[in-house]
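Participant: One structure coming up, written as structure tokens, with questions to follow.
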Amino acid sequence: MYEGKGASRLHELVLDKNMIGVEGARQVGELLPTCANLITFSYRGCRPESGGTKYLATGLKAMVENNDNHKLKKLMVEDCTFGSGEEDDDAIHALCSALEKLSDIKHLNMRDGGDLGETGTGLLAQALINSECKPVYLDFSKKNSISFTTFSICCIISDPTERALSLTLLL
């Protein structure tokens, strides 16, 4: 476990395009639970593979479980492989557990998040609904295509008067 003393004061952690692999993702995953005041976490384009993404998602889950007063508003995990949710060990399950407790999340970028499929996008939609967050930016798009169900989209934006939403999808 990370033993650093300054992590609790950290407000923004941007590691974009570092390509630190599974081991680097493991270390970041261990750091996240100590980041009680983190507002922005960006891990775009690091491509940590499915094993590394699981470490990140587990770290995010531990961060919100360890701190009832978490502040995360901006989560950018573009180009990470979360899995479709059809397997019990897919990283999407840990991410959804974290998202359910992130009621202040405003910006969620999961562009090119692997093959989320209908199951994974449904899990994400349900997690966002359960969190009662009011996001203003959601991106689940994929370079080639994405299977995002109409049901999931409707659930996320079920109350358009309450949610000013920019939803990016490539169909």
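The values are calculated or read from the model by the stated rules, or taken from the named source; none is laboratory data. Computed from a predicted structure; not experimentally measured. We place every Cβ from the backbone using ideal geometry, glycine too, and count neighbours over all the protein chains shown. Calculation scope for accessible area: heavy atoms of the full protein, side chains included, ligands and nucleic acids excluded. Shrake-Rupley method; radii C 1.70, N 1.55, O 1.52, S 1.80 Å.
Participant: From the list G59, G21, which one is in contact with a helix residue (DSSP H, G or I) (Cβ under 6 Å, 6 or more places away or on another chain) and among the small types (G, A, S)?
Facilitator: None of the others qualify; the one that does is G59.
Participant: Moving on. Given the conditions (1) modelled with pLDDT under 95; (2) crowded, with 16+ Cβ neighbours inside 10 Å, report the number of the one that G4 does not fulfil.
Facilitator: Single failed check for G4: (2).
Participant: So in region 82-111, with the set limited to residues that are surrounded by fewer than 21 Cβ atoms within 10 Å (Cβ to Cβ), of a type in the set (D, E) and under 14 Å from the mean Cα position of the chain (by Cα), which one is nearest to N37 (Cα to Cα)?
Facilitator: Ranking the qualifying residues of region 82-111, first place goes to D104.
Participant: Closer than 19 Å to G117 by Cα, touching a helix residue (DSSP H, G or I) at 6+ places or on another chain (Cβ under 9 Å) and not charged (D, E, K, R) - does that describe any residue in region 38-50?
Facilitator: Yes, region 38-50 contains a residue that is closer than 19 Å to G117 by Cα, touching a helix residue (DSSP H, G or I) at 6+ places or on another chain (Cβ under 9 Å) and not charged (D, E, K, R).
Participant: To continue, here is another question. Looking at (1) surrounded by 24 or more Cβ atoms within 10 Å (Cβ to Cβ); (2) at pLDDT below 85, which is the one condition that is false for Y43?
Facilitator: Unmet condition: (2).
Participant: Consider region 62-81. How many of its residues are open to solvent by 10 Å² or more (accessible area, probe 1.4 Å) and either touching a His at 6+ places or on another chain (Cβ under 9 Å) or free of Cβ contacts under 8 Å to residues at least 24 places away in the same chain (or both)?
Facilitator: Within region 62-81, residues that are open to solvent by 10 Å² or more (accessible area, probe 1.4 Å) and either touching a His at 6+ places or on another chain (Cβ under 9 Å) or free of Cβ contacts under 8 Å to residues at least 24 places away in the same chain (or both) number 5.
Participant: Do we find that C155 is modelled with pLDDT of 50 or more and either under 15 Å from the mean Cα position of the chain (by Cα) or in a helix (DSSP H, G or I) (or both) in this structure?
Facilitator: no
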